[in-house]
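This report refers to the structure that appears directly beneath it.
Bear in mind that the values in this text are calculations on the coordinates, not laboratory data. All figures in this text were calculated on a predicted structure; none of them were measured in a lab. So basically every Cβ, Gly included, is an ideal-geometry build from the backbone, and we count neighbours across all protein chains shown.
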Amino acid sequence: MAEGRFDNPIVAALAGFLDLFRKQGLSDRLKDSDRIDGKTCLITGANSGLGFAIAVDLAKRGSHVIMACRRQIPEAGEKVKALSGSDKVEMMYLDLSKIDTIHDFCDTLKANKRIIDICILNAGVALPKSRKTNSGLEELFLVNYLSNVIMTSRLLKDGTIPNDTLNNNKQNKESRILFISSDSHQGSSYVDYDEFGKYLEYGVSKGMEYYSYYKLVANTYFTELSRRLNSKNNIDVAVHVICPGPVNTNIVKEAPWLLRKMLRGIFFVIFKSPESAAKAVVYMSISEDYAGITNEYLHMFNMKKMDPKVYEVDEGIKLWKETHKLWKQVDPDFVSLSVVD
């Protein structure tokens with residue numbers, strides 16, 4: 001059975017609070033003067049919370065920002081423009097709980113010959129109970145894991161994220177993919193393939209476990225993706241994972257009323273603001289410290305290792321195969337990545 005690190009949201013929140021007291025060794029590496037003019041950054045779930053703060057920060061630094069969201073279009077984009085002082089901000093509709101919208105989104109980027117230099121996979125959900133999507137998959141699994149696989153696969157195959165492995169269009173561009181994870185993945189179980197992708201009923205406690213468990217699953221997948229795209233002698237597309245630490249966001253908006261009130265109080269009092277938490281993500285996205293390397297994990301502003309299970313090669317290979325097998329079953333527009341199988 002799949003198991004996560006926490007099954008109690010209050011305990012998880014307090015554990016995150018303790019992280020705030022750890023020394024942030026790299027916090028001085030990001031300067032207000034750091035710029036990324038001429039680069040295009042894609043941020044999923046950018047209409048609120050952490051994603052919104054990342055969008056504002058990157059727009060201030062000269063990036064062309066694409067906010068991929070399912071809500072608050074175009075209002076959130078207008079707010080980013082006002083706060084950043086930049087008009088190089090656009091919003092595109094993307095609902096990661098609906099696979100067809102992922103393909104529509106990627107088709108539009110491809111048709112318009114858009115190039116993404118930095119892809120930040122920020123969107124995620126935390127649910128109090130299971131919810132079935134149109135694909136038959138459970139929403140927490142789809143949004144927090146499989147949809148990120150589908151979207152990055154399309155962007156790489158289409159050449160929207162320049163690369164030589166799948167599209168032969170790198171053109172000396174250094175592209176980065178960042179997956180926003182959580183250090184709560186540490187200690188989660190190995191991937192349970194008997195229930196992998198199956199729709200299972202759950203409540204608040206198991207939902208908490210699945211949240212951290214699916215972060216471990218995703219970390220394992222993106223570690224394997226990094227292996228397949230890159231070698232010791234050649235970085236085609238850098239793939240990194242980051243935990244921004246405990247953030248005061250609206251991710252608990254669907255929790256039961258009393259629990260939601262309690263968690264929002266905790267978040268407000270002891271967690272970092274989205275603007276503060278975004279700094280570490282921006283640093284990993286644009287810093288020359290991460291030029292020419294891949295598969296790094298940043299926990300706030302500290303270098304760290306992910307759970308050891310994430311790095312096991314056999315686990316990565318098996319997850320890759322099972323993930324693409326499942327994807328093919330649920331998506332009539334399955335895009336084969338046989339080039340790197």
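Determine ³J(HN,Hα), in whole Hz, for all residues of segment 194-200 in sequence, where each value follows from phi through the Karplus function 6.51 cos²θ - 1.76 cosθ + 1.60 and θ = phi - 60°; x replaces Gly and Pro.
5, 10, 4, x, 7, 7, 10
Within 10 Å, count the other beta carbons around each residue, average over each peptide in 321-328, 189-196, 102-109, and list them highest first.
102-109, 321-328, 189-196
Around Val239, which amide H atoms from residues at least 5 apart in sequence, or from another chain, sit under 5 Å from its own amide H, with H modelled in the peptide plane?
Hits under the 5 Å cutoff: Ile177, Asn295.
Per residue of segment 298-312, what does 6.51 cos²θ - 1.76 cosθ + 1.60 with θ = phi - 60° give for ³J(HN,Hα)? Whole Hz please, x for Gly and Pro, Karplus curve as stated.
Per-residue couplings from phi come out as 10, 10, 6, 9, 10, 5, 7, 9, 6, 3, x, 4, 4, 8, 5 Hz.
Would you list Cys243, Cys69 from fewest to most Cβ contacts within 10 Å?
If I rank by nearby Cβ atoms, fewest first, I get Cys69, Cys243.
Of Met91, Leu200, Leu337, which is farthest along the charge dipole of segment 9-340 in the positive direction, counting Lys and Arg as +1 and Asp and Glu as -1 at C-beta?
Value: Met91.
Might you report the magnitude of the Cβ-based charge dipole of segment 9-340 about its Cα centre, with Lys and Arg at +1 and Asp and Glu at -1, to the nearest 20 debye?
Working: 44 positive and 40 negative charges, 89 e Å.
Dipole of segment 9-340, to the nearest 20 debye: 420 debye.
At 0.36 nm per residue, minus the direct Cα-Cα distance, what do Arg29 and Ile293 gain on full extension? Give it in nm, one decimal, please.
Taking Arg29 through Ile293 to full extension adds about 93.4 nm, to one decimal.
Please report the relative contact order for segment 66-211, taking Cα pairs under 8 Å with a sequence separation of at least 6, and give it as a percent rounded to a whole number.
25 percent.
Taking θ = phi - 60°, what integer Hz values does the Karplus form 6.51 cos²θ - 1.76 cosθ + 1.60 yield along segment 313-319, in sequence order, with x for Gly and Pro?
Listing the rounded values in order: 4, 4, 5, x, 5, 5, 4 Hz.
How large are Rg and Dmax for segment 9-340 when only the alpha carbon atoms are used, in Å?
18.5, 53
Taking the Cβ of Val282 as the centre, find all other residues whose Cβ is under 13 Å away and add up their charges (Lys, Arg: +1; Asp, Glu: -1).
+3
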